[in-house]
1. Can you spot a residue in the stretch 201-209 that is in contact with a Phe, Trp or Tyr (Cβ under 6 Å, 6 or more places away or on another chain) and at negative phi?
2. Could you check the stretch 28-81 and list, in sequence order, the residues that are surrounded by fewer than 20 Cβ atoms within 10 Å (Cβ to Cβ), in contact with a Pro (Cβ under 6 Å, 6 or more places away or on another chain) and more than 22 Å from residue 155 (Cα to Cα)?
3. Going residue by residue through the stretch 178-192, is there one that turns out to be among the β-branched types (Val, Ile, Thr) and within 29 Å of residue 83 (Cα to Cα)?
4. Could you list, in sequence order, the residues of the stretch 17-49 that are in a strand (DSSP E or B), modelled with pLDDT of 90 or more and of a type in the set (Gly, Ala, Ser)?
5. Given 220, 138, 209, which one is over 18 Å from the mean Cα position of the chain (by Cα), within 22 Å of residue 33 (Cβ to Cβ) and modelled with pLDDT under 95?
6. Conditions first: (1) closer than 25 Å to residue 91 by Cα; (2) in contact (Cβ under 8 Å) with a residue 24 or more places away in the chain. Residue 189 passes all but one, so which condition is the exception?
7. For residues that are touching a residue at least 60 places away in the same chain (Cβ under 8 Å) and in a strand (DSSP E or B), scanning just the stretch 50-59, find the one that is farthest from residue 5 (Cα to Cα).
8. What is the number of the single condition among (1) under 15 Å from the mean Cα position of the chain (by Cα); (2) modelled with pLDDT of 95 or more; (3) not aliphatic (A, V, I, L, M) that residue 52 does not meet?
Amino acid sequence: MDRDQPFTKYLHDAHKRVEVPLHSHTNGQLNYIDKGTMHLVSPEAHWVVPWQRIVWIPPDQPHSVACEMLSGSWKAMIPRYYAQFLPKEISVLRTSPLLHAALEALPVNGKTLPPARLEPLIEIIKQELMDAENEGFGVTFPKSDQLRRVTDILLKQPEDTRTIDAWAKIAGMSRRSFTRHFLAETGRSFGEWKRDVVLGKALGLLAEGRSVAEIADQLGYAYPSAFIAAFRRKYGASPLRFKK
């Protein structure tokens, strides 16, 4: 049962690692990350959420959370009535200046605002969330146990450099069957899926303050320039520009 007051921000402890096992909320939930990263897992997918993003979690959506190096981050419950206007699935949303300002004006840690001040903020937040761009940052889990054996390993060790034939063997499939079933079950080729997991790991390493050269080496790129190019193709900016 949700005990938090709706449309009120509850601050996370700065620099504290937070782990919450699988659970769900009666109401919807917003999470904002100013600094650090959030790992969010549902039965269907896994997200690595970078800093300065809003995470929308619909009512009754099972999920687990692990956060590291948080600073200036918070959560807020959104009543079911308003949740009906928002995405039906977990979404990582880009914040507009107007949305950011409205969220900044919400009361904090159980404090309240007069209805005349709170209600206009709620309407702005609802409309801005409806219009916000879903940036993704997630990978879909395959449904079969054979393929989950592979993805479970890669989510723990994204830098694993085994060949596609070796992964197919782990799944107990031929290379052709492995690639065909992986695409059918996740909507991505195996190479694309693995690249997204590797670059998700890069987000966490950037948040820790690692250098581009260190990250490239840890994730198995031959040269930092190759890592920078892959990162830019995925996120639309170089690692250093994205971090700013």
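The values are calculated or read from the model by the stated rules, or taken from the named source; none is laboratory data. What you see is a predicted model; the values in this text were computed from it and never measured. Quick reminder, even Gly has a Cβ in these numbers, built from the backbone with ideal geometry, and neighbours come from all protein chains shown.
1. Step one: of the stretch 201-209, the residues in contact with a Phe, Trp or Tyr (Cβ under 6 Å, 6 or more places away or on another chain) are none.
No, the conditions are met nowhere in the stretch 201-209.
2. Across the stretch 28-81, the qualifying residues are 79, 80.
3. Initial filter on the stretch 178-192 (among the β-branched types (Val, Ile, Thr)): 179, 186.
Those left that are additionally within 29 Å of residue 83 (Cα to Cα): 186.
Yes, because at least one residue in the stretch 178-192 is among the β-branched types (Val, Ile, Thr) and within 29 Å of residue 83 (Cα to Cα).
4. 28, 45
5. On the way: 220 fails: within 22 Å of residue 33 (Cβ to Cβ); 138 fails: over 18 Å from the mean Cα position of the chain (by Cα).
Only one candidate qualifies: 209.
6. Only one criterion is unmet by residue 189, namely (2).
7. Residues of the stretch 50-59 touching a residue at least 60 places away in the same chain (Cβ under 8 Å): 50-51, 53-54, 56.
Now drop any that are not in a strand (DSSP E or B), which leaves 53-54, 56.
Details: 53: 22, 54: 19, 56: 17 Å.
Restricting to residues being touching a residue at least 60 places away in the same chain (Cβ under 8 Å) and in a strand (DSSP E or B), the top hit is 53.
8. That leaves (2) as the condition not met.
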